[in-house]
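A quick write-up on the structure given underneath.
Please treat every number below as a calculation from the coordinates, not as lab data. What you see is a predicted model, and the numbers here were worked out from it, not measured in a lab. Cβ coordinates were reconstructed from backbone atoms using ideal geometry, including for glycine residues, and neighbour counts include every protein chain displayed.
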Amino acid sequence: MSASALRGGAETGRGGGRRHDRRRASLVALLFLAPALIFLVVWIVYPTGWTIVRSFFDRGGDEFIAFDNYKEIFTTDTLQTAIKNNVIWVAVVPALVTAIGLVFAVLTERIAWSTAFKTAVFMPMAISLFAAGVIWRIMDEKDPSRGTINAAINEVKGVFGSDGVLSAGQGSSPQLTGSVEQGFVLRNPVTAGETASLGLTAIPPDEVPADARQAVEPRAVEGEIAGVVWRDFKPGGGRPGVVETEELGIPGATIELRDPGGGVSQTATSGADGSFVFRDVGSGQFRVAIGSQTFAAPFTGVSWLGPKLITPAVMIAYIWVWAGFAMVIIAAGLSSISREVLEAARTDGATEWQVFRRVTVPMLAPVLSVVFITMIINVLKVFDIILSVAPQSSQDDANVIALAMWRTSFGGVNDFGLGSAIAVFLFLLVIPVLALNIRRFKREEA
Amino acid sequence: MRRHRIATAAALLALAPAALAAGCGSDDDDGGSTSTSAGGATGAATTATDVSGSVSVIGIWTGDEQRSFQAVIDKFNETYPDIDVRYTSAGDNLPTVVGTAVEGGNPPDIATIAQPGLIREFQRQGALRSIDYARDTVSANYAPDFVDLGTIDGRLFSFVYKGANKSTVWFNVEAFRNAGVEDPDDWDEFLTNARTLGASGVPAYSIAGADGWTLTDLFENIYLRQAGPEKYDQLSEHRIPWTDPSVRAALRSMAQVFSDRENILGGTSGALQTEFPASVEAVFQNPARAAQVIEGDFVPGVVAETTRLRAGEGYDVYGFPEIGDSDDYVVGGGDSIATFRDTPAVRAFVEFLASTEGASTWAERGGFSSPNRTVGEDVYPDEITADIATAIAEARTFRFDMSDLAPAAFGGTPSQGEWKILQDFLANPSDINGTAEKLEAAAARAYR
């Protein structure tokens, strides 16, 4: 900008025709530009230069170490993750934001409440990225009683889920194996005339049904398999596998009698004292199991903030914020497209999809590229939203270059040398995109 | 010099407004303290009560703690009405704020620093002033372990003003009653208790795995008890590697807790996303979602904020269980006072903070454990606080939190170094050798 203004000043001078005037004009121009120039030098040029110089020194700033800091960028695990993540960000987010913005813009043209809709989509832009991150950090919590998203999944699952009497449990002795999802099976087979004791522990105290009574040791009866399912726990622990006083039966549990082939030959429901009985079992060996219907295993939540899903989770938050921006810009571009062209295409028999693909999108190309390039620059320097969404334990997995720069310089490591090197590296990455942008500006001006 | 200032300016731009505020604060105070040192004869003036001037303090205390510290300042002003003590809170950003201020050549007069490693770094840079003038007061009021802690190359540079006892386990009284267990006497009983608690239907452990420091605290408690104070000191200074058998042994004990996945609230993946306040809240909810949380004496603060449980009835505490012959061992932390300027006003304030009165003023307001032995037990507002504070002041062996002694890159940085590696260990507790090797590699980088 300053260069063109300078040139402008010089041209006016030439218009005057005399050399003396020309020099005076440039002097005046310089005088007017001086404040901006000083600002540029003090706040942009000097810090940039000093950052570059600093990046060749060690963490203390005393020893010249040439390119060692730069080597470290490419050899440290977490910095490599940062670069990799940045590549993913650039590949995914600008395209998605532009596409979603385009879809919103085109669709809102056709609905009655378009202003309301646009306002709603644009709303996230009104809050800071950091605040948006905090919101999503809470929504993404794993525990369904805290995180909105997992709560929603939980609700949907609840519609199809089973309603068991217990939410948790474990076999009280090695005799009873299995899990809440698959049910618990007694290891030793039983035959008619024998008994089965199914002891469970790890049942939350408030889940023991109110009508539960003292469990009773089953008595063997000829031709039947009798048993008990009970909460094998009393204060202090008790003896595992033995029905003791103070230990309550579990009423309402579904008990399965499985034949050797694995099929369920009979089911029974336990009584208030936990007792159950299978009659007319016939000969042969059977396995007794607590069916999985007994348990309504609570949904423990998708680990959005865990190492695997953290980057997508942050991206969703980021897209949520920026989609509105893209929509507004693209909608503005859309309204400047001449209606006649669209109408002409429709009259010629083009379907709506063809109109969109062959007419709207090509005519919007300049606007789309502005949005796309702006998003690339934004995404390259993405930082605060990651800091606010990712918990400490997965920050390494969500790391990007800008975050790595901050963490290295200020986040406790205080290695200004390496931090500067990362800053310079990021700077180099942004330059080509900036150049592209500037060239486009110039073309538009010309 | 000039280039530093510009670098600082650039750095400040990148920082949170807190940093800017702090930077401005110390700028203002600069003039004040210079005028004092010009005014009075150094040394002799410290005993006189007519010292005037100003002292700028940057600390980590916010909220209630900030109000309590202000009360301490007010008490100080009763004796020294002409000294203007201005406190600025930097919160958890303190290392960054003070570090940048020092790099820019414009530090505060006094900083309260929780990491002795950082104090040592500042001392190496030549930024600190010795407080040998307060040595007599400190030696008289503090146990030798504490005097050693503040001494670098034979000179006293800092002392712990606000102590923290990290050898405590907080439990939900009702959950313990339901399960029929009591305070364990040793590590084996602790593990047996955990199994019983799990069988009673309440996970035994609530672990704040999202905050790496809770994991380093657990490691240090186990290590100090298993390996003993000498090894502890050697490991703190990285004179023995983290691949030492003693480290592996401690990791194995830690794995006894971590591999009991069913017994950890939310499993390990849930624990890794749980931050400290949430981990405390889970234990002291009704009904309890977990039975106990292994953390320091700052737990009651969170309990008071989030629940209505009362000390002794709803929640209670026991000392970290002994392993072998480790009676009365305390791993702790604390906020130390370190000075960057030496003026009569600073001297007066430092002397005051090291005195009985300086510690009691805050102690009686609660939320404060003083390592100062001269603070009476009856000063504390309740029995639990008094017990914990006395445990620090009278500990047979007191060791400072090892991760705070280490360079910040290893022991004090979120998702890096020891914090991150122990988080990975929580996720995969079978990898003892790999964890020890990763710790050693990270330590080697940070200690060089």
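Observations, loosely collected:
- For the stretch A:347-446, the gyration tensor built on C-alpha atoms gives an oblate shape. Its axis ratio a/c (a ≥ b ≥ c) is at least 1.5, and a/b is not larger than b/c.
- Kirkwood Rh (inverse of mean 1/r, distinct Cα pairs), the stretch A:287-387, angstrom: 18.0
- Ratio of Rg to Rh for the protein assembly as shown: 1.05 [Cα atoms; Kirkwood radius as inverse mean 1/r over pairs].
- The C-alpha radius of gyration of chain A, expressed as a fraction of 2.2 N^0.38 Å, stands at 1.57.
- Distance violations [Cα-Cα > 23 Å] among A:Lys142/B:Lys166; A:Lys84/A:Lys442; B:Lys166/B:Lys420; A:Lys84/A:Lys118: A:Lys142/B:Lys166; A:Lys84/A:Lys442; A:Lys84/A:Lys118
- Which of A:Phe325, B:Phe176, A:Phe39, B:Phe349 has the fewest Cβ neighbours within 10 Å, and the rest in rising order: A:Phe39, A:Phe325, B:Phe176, B:Phe349
- Prolate/oblate/rounded label for the stretch B:339-406 (Cα gyration tensor, a/c 1.5): oblate
- Debye intensity ratio in log₁₀ form over the Cα atoms of the stretch B:297-448, taken at each q of 0.13 Å⁻¹: -0.86
- Rg and Dmax [Cα atoms of the stretch A:325-374; Å; Rg one decimal, Dmax integer]: 11.6, 36
- The spread of Cα positions in chain B, taken along each principal axis and listed from longest to shortest, comes to 71, 47, 39 Å.
- Computed over every Cα-Cα pair of the stretch B:238-282 and binned at 5 Å starting from 0, the pair-distance distribution P(r) comes out as 5, 19, 19, 17, 14, 14, 10, 2 percent.
- Taken one residue at a time, the phi angles of the stretch B:131-136 give Karplus couplings (6.51, -1.76, 1.60, θ = phi - 60°) of 10, 3, 4, 9, 4, 4 Hz. Gly and Pro are set to x.
- Counting, for every residue in B:135-141, the Cβ atoms of other protein chains within 10 Å of its Cβ and taking the mean gives 0.
- In chain B, the DSSP-assigned H stretches of four residues or longer account for a calculated mean residue ellipticity at 222 nm of -15500 deg cm²/dmol, using -39500 (n - 2.57) per stretch and the full residue count as denominator.
- When +1 charges are put on Lys and Arg Cβ atoms and -1 charges on Asp and Glu Cβ atoms, the dipole computed for chain B relative to its Cα centre reaches about 1520 debye.
- Restricting attention to the protein assembly as shown, close to 65% of DSSP beta bridges with both partner residues there are antiparallel.
- Inter-site label distance for A:Leu31 and B:Asp153 at 7 Å from Cα along Cβ, in nm: 5.6
- Mean separation of Cα contacts under 8 Å, 6 or more apart, over the residue count of chain B: relative contact order %: 23
- For the stretch A:90-206, the share of alpha carbon pairs falling in successive 5 Å distance bins from zero is 2, 8, 9, 10, 12, 12, 10, 6, 6, 7, 6, 5, 4, 3, 1, 0 percent.
- All Cα-Cα distances of the stretch A:120-159, cut into 5 Å bins from zero to the largest, leave 7, 23, 19, 18, 15, 12, 4, 1 percent in each bin in turn.
- Cα shape, the stretch B:221-360, gyration tensor, a/c 1.5 rule: oblate
- Cα convex hull volume per residue for the stretch B:184-280 (Å³): 104
- Per residue of B:414-420, other chain Cβ atoms within 10 Å of the residue Cβ number 6 on average.
- Alpha carbon centroid spacing (whole Å) that separates the stretch A:239-284 from the stretch B:285-355: 51
- A cut-off of 5 Å between modelled amide H atoms, ignoring neighbours fewer than 5 places along the same chain, links A:Asp273 with A:Arg213.
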